[in-house]
Structure formats: C-alpha cells, structure tokens
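Student: Sharing a structure here in structure tokens format.
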Amino acid sequence: MNIKISKITPAEGNLAILTPGIGAVTSTLIAGVLAIKKDIAKPIGSLTQMGKIRLGKRSENRSVLIKDLVPLAPLENIVFGGWDIYTDNAYDAATKAQVVNPTVLEQVKEEMQKIVPMSAVFDERFVKNLQGENRKIYNTKMEAAEMLRADMRNFIKNNNCNRAVVVWCASTEAYNPISAVHLSIKSFEEGLRNNSAHISPSQIYTYAALKERIPYINGSPSVSVEIPALQELAHEMAVAIGGSDFKTGQTLMKTIIAPGLKNRLLGVAGWFSTNILGNRDGEVLNDPSSFRSKEISKSSVLQDILSREEYPDLYSNLYHKIRIEYYPPRGDNKEGWDNIDIFGWLGEKMQIKIDFLCKDSILAAPIVLDLALFIDLSQRAGMRGIQEWLSFYLKAPITNPGIKAVNDLSLQLLKLENTLRFFAKEELINHLGLTHYNIDEE
C-alpha cells in the first residue's frame, strides 16, 4: 500500500542525536555544532546548513536555503548522547583524536565534558582490535536490546527531548553475511533470546531503536539495516531507516570521477586504490574480518557505475583492487591514493592518478549531521522503511529488493533535491529545459 505524504509535523522541541560510538567522528561533529552555535565556525560541508536548492525554472532565478525550504530541526534544539566502550567524555575523546583545532576545542570544552557515554553493547568477536571496560553485562542479546531501549527512553526523558534519531558511528564489525536468523522478525527475535552468534551489536542497536520507533542510520559497512528482519520491523513500526557507510574520502572521489568516465564512454582497465590511516578506524580495519566488510562496501560503487553488463567493451575486464593500511603516525589524516588505467579512441591507453590527503572525521562530521536531520525530517513526514534519497551520503546505499542502487553522485544529489522539493510541494526538476527554446515539453 502506498503512503500519501500530506503534511510534515513541525520540528518542535529538542531532538536527541544518539550515536553508538563517541570517538573521532562523533566528537568532531559535537565540537563543530557547538562552535557553529557560538558563531566561531561555519558549517562547511553541510547541505542542511549551507546548501541552497533551485526552485522552478532557471529563468526564474529562484533558490533558497534548504533549511528554509523544509522544516529541519534547528541546531539550537539538538542534544547529543551516545554509547562507547571507553569512558571518555566527548571533550576527552576529541582531545585524544587530535582532529579539532585546540583553540576551537577549548571554547566548547565545558559543554563537551558534560557528554558522557552510556555503557555499550559490545562483542569482541565482531571488533577484535579494541578492548574497553564500559560495557553492558547481560545474559541474552534480547536483554541487551532491552537495556538499550531503556537508555533511549531515559535519555529522551532526562534531556527534555521530543524525539530522537540514532546514527551508527562506531567501528566496522567483522563481515557478517545475512543468514537464516536475519530473514524475519520472528527468527531474529528468537535469535536474540537464544544468543545467536550471527547477531552483531550493530543489529541489536538497530532493533532497539526501531522498537522505540526511533529512525536509524547505519554509517558503517557493518550489516544491520540491510537484513530483511530489520527492514520488515521498520515498516511494522513505521520508522525511517537508511544506510550504509559514510561516503567521505576515496569513495567520494570515485562517485565523482567514475560517472564522468562512463558518460564520456572511456574504458577502464584497472583501478587500484590504497589508503593509509592511523586512527581507531584504521586500527579496527587492520583485522582482516573487519576489512572484508569495508572492502565489500567500497567495491560495490564501481561495480554499479562501470557496469560490465551494460558496457562489456569498456568494463568487462576492469580489475579493481582495494587496500587499507594502518599507519599510526597519520592519525585521522587519511591519504587515499588511486591509480586508474583508462583507454580511449583506438584503444589508446592513458592514466589518471589521484592523491587525496584528507581528514576523515572532518569529512564525516557534516554527513552525520545532515543524515540525522534529514532522517528526522523523513520520520516527521510519515516516511517509513528505506530512505534511498539519502544515498548521496553513503558508499553502499540500500534499496528495496529488486531496485538497483544508484552510485553516481550527481544523480544521487538530483534525487535528494527532488525529494526535498516533493516535501515542500514544489515542482520537480528534470533539467530538460526545452521550454527555454520554445519547444512544448508536453
């Protein structure tokens, strides 16, 4: 049955943004939002805060800020919280991560010190390279889910929040393919009660959020919102979900460059990608089982854009290699290096080389903010289930069964902007533009 979107509930009261994981990404996000509220920083990289959207025909020269077009929660109404296996408050986490400029960090120290992580649901079988003491003790995974549900309810109540969203910002879990326990709500709940080895912490967080009717975003390649049971639960509880894996550095470049090569019908023989990074994410991905989750997420982008089936002469022999190396001296300063072997007219060979020296958490922080505000908007609009329109921010967008994911960044932005126009009851834009040249488009 189709859902009719008639009216969006106003963004009244406080919005809790709850993150499993209060490490480099989350602490950078919190510091940034606090700094923006104090007018000591600009929200660079955030569509919800700086982005403009065109309305109507080009000849009208009409554009508005996105936050003025649709009713987003204002930054003044955001309350941050979360869980972590380490006891560091948000300020201490940011200090250890060494991402935020100390001059800025000191100006938001007082507020950040008040953000203390709740004890986390953690299983070292899924994240082998981290150990922390701030962990919940439980007998069954269903009991763990109930503890998380209580955390969510209590946080909302104690912080005078009207509603919440959960955005997974914790480490990448070991590869955990979909199995029988993931296929239905019934089998999943039985698995929770029976401590199924195939149910990961991220899946427990997702289940808890959905049972509380809280929208959930998976910011990692860990398998959670991808499983049929939790997608079914999202529809049953009328909750919006999205995922997966924040699109920040190297994959962002791929979704910009690969569509250009395809649009010009240039062949690609090989694409070699390597990363070096030294933060907690790099430490976790140093474990082969966690790397496998990331490898699958990162590789799916080129498989979609440079389709062997659609253009066998151009991409049937594409060799795509991905490497991630843990290099502690770099900290959060990731370097993504790509070598692309292409060929053109008459089969002549050429090369493209990219060296992207970036700060992973600086790129991720505005993504988390935008996803949180947009998924809250979806929920207030009455949307439920998978929010494919948020794929602009994600490496491995989830879709309904049988629907092919779109990874072309420009097409993803078009989908996002048209969804916002749809919410605002504005004319959708197809960029045909023939009316400007006296041609009837009817």
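Student: Once Rh for the stretch 244-313 is found with the Kirkwood sum over Cα pairs, what is the Stokes-Einstein diffusion coefficient at 4 °C and 1.567 mPa s, in µm²/s?
Tutor: Details: Rh = 13.6 Å.
After rounding, the answer is 95 µm²/s.
Student: Does the chain classify as rounded, prolate or oblate by the C-alpha gyration tensor (a ≥ b ≥ c root eigenvalues; a/c under 1.5 gives rounded; else a/b over b/c gives prolate, otherwise oblate)? Don't skip to the answer; put the middle values down first.
Tutor: Values: a/c = 1.39, a/b = 1.19, b/c = 1.17.
Taking the square roots of the gyration eigenvalues as a ≥ b ≥ c, the chain is rounded.
Student: What are the ³J(HN,Hα) values, in whole Hz, obtained from phi via the Karplus relation 6.51 cos²θ - 1.76 cosθ + 1.60 with θ = phi - 60°, for each residue of the stretch 60-72 in sequence order, with x given for Gly and Pro?
Tutor: Listing the rounded values in order: 7, 6, 10, 8, 9, 5, 4, 5, 8, 7, 10, x, 8 Hz.
Student: Also, quick follow-up: Report for the stretch 250-359 the percent antiparallel among DSSP-assigned beta bridges with both residues inside it, nearest 5. Kindly include the intermediate steps, with their values, before the conclusion.
Tutor: Values: 20 of 28 bridges.
Counting only bridges with both partners in the stretch 250-359, antiparallel ones make up about 70 percent.
Student: Can you give me the distance in nm between label points at L432 and Q98, each placed 7 Å from the Cα along the Cα-to-Cβ direction?
Tutor: About 5.7 nm separates the two model spin labels.
Student: In the stretch 125-163, which residues have a backbone nitrogen under 14 Å from the label point lying 7 Å from R193's Cα in the Cα-to-Cβ direction?
Tutor: It comes to 140-143, nothing else.
Student: Need the C-alpha centroid separation for the stretch 230-266 versus the stretch 320-399, integer Å.
Tutor: 8 Å
Student: Sort T274, T19, T95 so the one with the fewest other Cβ atoms within 10 Å of its own Cβ comes first.
Tutor: T274, T95, T19
Student: From the phi of every residue in the stretch 12-23, what ³J(HN,Hα) in whole Hz does the Karplus formula 6.51 cos²θ - 1.76 cosθ + 1.60 yield, where θ is phi - 60° and glycine or proline is x?
Tutor: Rounded to whole hertz, the list is 8, x, 7, 10, 8, 9, 9, 10, x, x, 10, x.
Student: Something else: Just to be sure I understand: with springs between alpha-carbon atoms less than 10 Å apart, which residue in N176, N333, N160 has the highest mean-square fluctuation in the Gaussian network model of the chain?
Tutor: Sorting by GNM fluctuation, first place goes to N160.
Student: For the residues E325, E226, E442, E76, what sequence is obtained by ranking on other C-beta atoms within 10 Å, fewest first?
Tutor: Numbers: E325 14, E226 22, E442 3, E76 8.
If I rank by nearby Cβ atoms, fewest first, I get E442, E76, E325, E226.
Student: How far apart, in nm, are two points set 7 Å out from the Cα along the Cα-to-Cβ line at T140 and at Q303?
Tutor: Calculated label separation equals 3.6 nm.
Student: From the cross-link list K52/K254; K67/K262; K52/K395; K109/K141, which pairs have alpha carbons spaced over 26 Å apart? It would help to have the intermediate numbers written out before the result.
Tutor: Values: K52/K254 24 Å; K67/K262 33 Å; K52/K395 23 Å; K109/K141 36 Å.
The answer is K67/K262; K109/K141.
Student: On to the next question. Under the classification rounded if a/c is under 1.5, otherwise prolate if a/b is larger than b/c and oblate if not, where does the stretch 310-388 fall, given a ≥ b ≥ c as square roots of the Cα gyration tensor eigenvalues? Intermediate results must be reported in sequence, preceding the final value.
Tutor: On the way: a/c = 3.29, a/b = 1.44, b/c = 2.29.
It is oblate, given that a/c is not under 1.5 and a/b is not larger than b/c.
Student: Can you give me the span-like helices of the chain, meaning DSSP H runs with 27 Å or more of Cα extent along the axis and Kyte-Doolittle mean at or above 1.0?
Tutor: Numbers: long enough: 360-380 (30 Å, 1.10).
Those that pass (Cα extent of 27 Å or more, hydropathy at least 1.0) are 360-380.
Student: Given the C-alpha atoms of the stretch 7-93, compute the convex hull and give its volume per residue in Å³. List each step's numbers first, then the result.
Tutor: Working: hull volume 10.8 nm³, N = 87.
Per residue, the Cα convex hull of the stretch 7-93 comes to 124 Å³.
Student: Given R₀ = 56 Å, FRET efficiency for I40-Y311 by Cβ-Cβ distance, to 0.05? Before the final figure, lay out each step's value.
Tutor: On the way: r = 49 Å, r/R0 = 0.88.
Calculated transfer efficiency: 0.70.
Student: Amide H to amide H, which residues 5 or more places from G270 or on other chains are under 5 Å from it, using H placed in the peptide plane?
Tutor: Counting only residues 5 or more places away or on other chains, the set is Y319, D341.
Student: Quick one: work out the % antiparallel among DSSP beta bridges in the chain, nearest 5. Let's see the in-between values first.
Tutor: Numbers: 25 of 54 bridges.
Around 45 percent of the beta bridges assigned by DSSP in the chain are antiparallel ones.
Student: Rounded, prolate or oblate: pick one for the stretch 250-359, where a ≥ b ≥ c are the square roots of the eigenvalues of its C-alpha gyration tensor, a/c under 1.5 means rounded, and failing that, prolate if a/b is larger than b/c, else oblate.
Tutor: Numbers: a/c = 2.71, a/b = 1.94, b/c = 1.40.
Verdict is prolate for the stretch 250-359.
Student: Please build a GNM for the chain, connecting alpha carbons under 10 Å apart, and tell me which residue among S59, S220, S299 fluctuates the most.
Tutor: S59
Student: Run down the aspartates and glutamates and flag those whose C-alpha is under 18 Å from the C-alpha of K186, throwing out any fewer than 8 positions away in its chain.
Tutor: Partners within reach: E143, E146, E212, E226, E232, E236.
Student: Tell me which residues come under 5 Å, amide H to amide H, from K52 once H is placed; ignore anything under 5 positions away on its chain.
Tutor: The answer is I66.
Student: How large is the dipole of the chain about the Cα centre if only Lys and Arg carry +1 and Asp and Glu carry -1, each at its Cβ, rounded to the nearest 20 debye? Walk me through the numbers on the way to the answer.
Tutor: Values: 50 positive and 51 negative charges, 82 e Å.
Once rounded to the nearest 20, the dipole reads 400 debye.
Student: In addition: If you stretched the chain out fully between F343 and S6, how much longer would it get, using 0.36 nm times the residue separation minus the C-alpha to C-alpha distance? Could you put the intermediate results ahead of the total?
Tutor: Working: separation 337, 0.36 × 337 = 121.32 nm, distance 5.02 nm.
Additional length available on full extension: 116.3 nm.
Student: Just report the Cα centroid separation between the stretch 15-47 and the stretch 123-194, whole Å.
Tutor: If you average the Cα positions of each part, the centres end up 23 Å apart.
Student: List the trypsin sites (Lys or Arg not before Pro) in the stretch 375-407 that DSSP assigns to loop (not H, G, I, E or B) and whose Cβ has at most 12 other Cβ atoms within 10 Å. Which are they?
Tutor: On the way: sites: R380, R384, K395, K404; in loops: R384, K395, K404.
Filter output for the stretch 375-407: K404.
Student: Let me ask another. At K425 and I354, where each label point lies 7 Å from the Cα along Cα→Cβ, what is the point-to-point distance in nanometres?
Tutor: With each label placed 7 Å out from Cα toward Cβ, I get 4.1 nm.
The numbers here are math on the coordinates, done by the rules we state, and not lab data. In this text the structure is predicted, and so the values were computed from the model without any measurement. Virtual Cβ from ideal backbone geometry, glycine too; neighbours counted across all protein chains shown.
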